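Asker: My questions all concern the structure below.
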Amino acid sequence: MRKMGNWREYFIERLSSDREAAIDYLQLTLEEYQADGDLSFFLKGLRTFIESQGGVPELSKRTGTDAETLLDALSNEDAPRLDMLSTILKLFGCQLPAEPMAGINVNIETADVHEVYPQTPTTQ
């Protein structure tokens, strides 16, 4: 009889054997985050990607960063530091894309970040 596992374990196993699919999944989570700003969903996707590529212990060895620090950055609802995210992605041969967003025409001189990302805090 076959051992039954959960969907996440199965998905991580599939991504670990197909690097292109893993990168496509990471790109999808980034696009979803850019579309709706759901940080929790993005962090779950990033953790799934990292697990498929050897997990936090492997990432810790490759970055020279304490595993506890990485776990905190990946589970904290505060936005992870961009340099940390960039380092993680670079280790897996990925980068953050900067692409024009469909349907949004922004004049940099009159742009209001709150129109594009309403959840952005206002400074007084």
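Asker: Would you mind stating whether S16 is at pLDDT 90 or above and open to solvent by less than 90 Å² (accessible area, probe 1.4 Å)? Even if it seems obvious, please write down each step before you answer.
Answerer: Working: at pLDDT 90 or above: yes; open to solvent by less than 90 Å² (accessible area, probe 1.4 Å): yes.
The answer is yes for S16.
Asker: Within the stretch 1-58, which residues are in contact with an Asp or Glu (Cβ under 7 Å, 6 or more places away or on another chain) and touching a residue at least 24 places away in the same chain (Cβ under 8 Å)?
Answerer: Hits for the stretch 1-58 are I12, L39, S40.
Asker: Continuing with the same structure: Looking for something modelled with pLDDT of 80 or more, at positive phi and assigned to a helix (DSSP H, G or I) - is there at least one such residue anywhere in the stretch 19-37?
Answerer: There is no residue in the stretch 19-37 that is modelled with pLDDT of 80 or more, at positive phi and assigned to a helix (DSSP H, G or I).
Asker: Residues that are part of a loop (DSSP other than H, G, I, E, B), modelled with pLDDT under 80 and farther than 26 Å from I12 by Cβ: does the stretch 79-92 have at least one?
Answerer: no
Asker: When you scan the stretch 3-10, do you find a residue that is at pLDDT 90 or above, surrounded by 14 or more Cβ atoms within 10 Å (Cβ to Cβ) and aromatic (F, W, Y), even just one?
Answerer: no
The values are calculated or read from the model by the stated rules, or taken from the named source; none is laboratory data. Here the structure is a predicted model, which means the values were calculated and not measured. So basically every Cβ, Gly included, is an ideal-geometry build from the backbone, and we count neighbours across all protein chains shown. Areas reflect the complete protein model, heavy atoms only, side chains present, ligands, DNA and RNA absent. Shrake-Rupley method; radii C 1.70, N 1.55, O 1.52, S 1.80 Å.
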